[in-house]
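A.B. asks: I'd like to ask you about the structure that follows.
We did not get these values from a lab; they are worked out from the coordinates using the rules stated. Here the structure is a predicted model, which is why all the values come from computation and not from measurement. All Cβ positions, even for glycine, are placed from backbone atoms using ideal geometry, and neighbour counts span all protein chains on display.
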Amino acid sequence: MTQYNVTGMSCAACVARVEKAVSKIDGVNSCSVSLLTNSMNVDGSADSSAIIKAVQNAGYGASLKGKEKKSADAEDSLKDTETPKIRKRLIASLIVLAVLMYFSMGHMMWGWPLPSFFDNNHIAMGLVQLILSGIVMVINQKFFVSGFKGIIHLAPNMDTLVALGSGTAFVYSTIALFMMTDAQVRGDSAAVMSYMHEFYFESAAMILALITVGKMLEAHSKGKTTDALKGLMKLAPKTATIVVDGVEKTVPIEQVKKGDIFAVRPGESIPVDGVV
């Protein structure tokens, strides 16, 4: 059984796609991918380079894990590093989104005042919304990188849907802004007001913010699960007592080999799998 690190997965569909790609390789008997730990176990005689290439062709990253891994390193691999990153993205997105909503909806729905500069200055209003929604999109660019990479590899995922939804709203609104500018130049005030209602910049930003909320909740739940796994790992013995030529010797658990005889005293935990 060979273990690999897999990066770039965001949903169950990604897991199924990686397993399908690897299972097609000659010499692979079984393949199991874990989204929780971003890892993959492959059983068979297939070459590791072929397996890594298959994962990369599917649109994800892969690397071979070390043959020997200390428990401390294993615990570090389970450390929740995603939740703090997503939390920062969410906070920044919500702050910018609040300002965007103030400019796009506040004055119409709740009569909130705007700076006098924006009085009848519809182009400036559109530009402010474009810039603010663009900032939210940059903050959450991971959706677009992962989503469009999936399209390139003919393997769309959940991020692809988010990127297409938000990107379409942004592009449509940008076109409406250019059309409104042209109408302003021509002095067609009716067309200007009509195009003002075609702005969906706040929708583009709202999609990203709401999906980021879901991502953070998912990462938080995942972190709780990995904390439980780390707790179980800490219960595992760090050493084993092996018997060599009738003499007991305590060695680190990583040094126990197949065929070794080990002793377990009353009350001790069994350090490795074996035959009693």
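A.B. asks: On a 0 to 90 degree scale, rounded to 10, what angle separates helix 141-152 from the longest Cα axis of the chain?
C.D. replies: Compared with the principal axis, the helix lies near 80 degrees.
A.B. asks: Would you mind calculating the relative contact order of the stretch 237-276 from Cα pairs under 8 angstrom and at least 6 residues apart, reporting the percent as a whole number?
C.D. replies: Result for the stretch 237-276 is 42 percent.
A.B. asks: Distance check, please: which entries in 85/215; 65/88; 65/224 exceed 18 angstrom between their Cα atoms?
C.D. replies: 65/88; 65/224
A.B. asks: What's the angle, to the nearest 10 degrees (0 to 90), between helix 158-186's Cα axis and the longest principal axis of the chain?
C.D. replies: Between the helix axis and the principal axis of the chain, the angle is about 20 degrees.
A.B. asks: What are the residues whose amide H is under 5 Å from the amide H of residue 62, where those residues sit 5 or more places off or on another chain and H is modelled from the backbone?
C.D. replies: Counting only residues 5 or more places away or on other chains, the set is 7.
A.B. asks: Between the stretch 1-30 and the stretch 171-250, what is the C-alpha centre distance in whole Å?
C.D. replies: 23
A.B. asks: Same structure, new question: In whole percent, what relative contact order does the chain give with Cα contacts below 8 Å and a gap of six or more residues?
C.D. replies: About 17 percent, as a whole number.
A.B. asks: With springs only between Cα atoms under 10 Å, which of 119, 245, 47 fluctuates most in a Gaussian network model of the chain?
C.D. replies: Maximum fluctuation in the GNM of the chain, among the listed residues, is at 245.
A.B. asks: Can you give the charge dipole size of the chain about its Cα centre, rounded to the nearest 20 debye, using +1 on the beta carbon of Lys and Arg and -1 on the beta carbon of Asp and Glu?
C.D. replies: 400
A.B. asks: Then there is this: With θ set to phi - 60° and the Karplus curve 6.51 cos²θ - 1.76 cosθ + 1.60, what are the ³J(HN,Hα) couplings of the stretch 82-95 in order, to the nearest whole Hz, using x for Gly and Pro?
C.D. replies: 7, 4, x, 5, 5, 4, 5, 4, 5, 4, 4, 5, 5, 5
A.B. asks: Treating the beta-carbon of each Lys and Arg as +1 and of each Asp and Glu as -1, no other charges, what is the dipole magnitude of the stretch 2-68 about its Cα centre, to the nearest 20 debye?
C.D. replies: Here the stretch 2-68 has a charge dipole of around 160 debye.
A.B. asks: Based only on Cα atoms, what Rg/Rh ratio does the stretch 2-68 have, Rh being taken as Kirkwood's radius?
C.D. replies: 0.91
A.B. asks: Further, regarding this structure: Restricting attention to the alpha-carbon atoms of the chain, what are Rg (one decimal) and Dmax (integer), both in Å?
C.D. replies: 27.5, 100
A.B. asks: Still on this structure, I have one more. Can you tell me the relative contact order of the stretch 82-230? Whole percent, Cα pairs under 8 Å, sequence separation 6 or more.
C.D. replies: The normalised contact order for the stretch 82-230 reaches 31 percent.
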